[in-house]
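The values are calculated or read from the model by the stated rules, or taken from the named source; none is laboratory data. The shown structure was predicted, so the numbers you read here are calculated from the model rather than taken from an experiment. Quick reminder, even Gly has a Cβ in these numbers, built from the backbone with ideal geometry, and neighbours come from all protein chains shown. Accessible surface areas use protein heavy atoms only, side chains included; no ligands, DNA or RNA. Shrake-Rupley method; radii C 1.70, N 1.55, O 1.52, S 1.80 Å.
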Amino acid sequence: MNKTLAVFAIGFALAAVVQYFAARALESSLAAEEAAHAVTRQERDDWKARAEAAATRAEALADNARRCLEREAQTQADAAERAAIMDAAKPRTRTAEEKNKVVDDETRRRAALRLNRPL
């Protein structure tokens, strides 16, 4: 029976040694996985920061585009208003009273040229 017990003890010791080396290999593998996860987390954080920066730039560009469109709409409205004023203007001969109380022809001509310039 002593022999059986010795074989059993040796078998148990060998199994323990195998389990020890398996645990060491598993710990090593786990450490490598944890390092890989740390790298992945850092990459995730980097991409998140890049995405937030890109979103901020896109929002600024969209705001700039909205302001440009508003200015364009205002310019078109101003041009339409100017065109309506110019279309409604009708030349006529000035009365004698207007000739004495209204600005001179040269000033009127310069003002009309200024108003008629393209936008």
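What segment 40-82 shows is 88 Å² of accessible area per residue, with the surface traced by a 1.4 Å probe over protein heavy atoms. Along its first, second and third principal axes, ordered by size, segment 68-119 spans 48, 19, 15 Å in Cα coordinates. Applying both filters, DSSP loop and at most 16 other Cβ atoms within 10 Å, to the trypsin sites (Lys or Arg not before Pro) of segment 82-119 gives Arg92, Arg94. Quick one: helix 105-116 against the long Cα principal axis of the chain, what's the angle to the nearest 10°, folded into 0 to 90? The answer is roughly 30 degrees. Relative to the longest principal axis of the Cα atoms of the chain, the long axis of helix 2-88 makes an angle of roughly 0 degrees.
Computed over the chain with a Gaussian network model linking Cα atoms closer than 10 Å, the most mobile of Arg66, Arg24, Arg57 is Arg24. Here the accessible area of the chain is 62 percent carbon and sulfur, with a 1.4 angstrom probe and all protein chains present. For the chain, set up a Gaussian network in which alpha carbons nearer than 10 Å are linked by springs, and say which option among Ala23, Ala49, Ala80 fluctuates the most. Between Ala23, Ala49, Ala80, it is Ala23 that shows the largest mean-square fluctuation.
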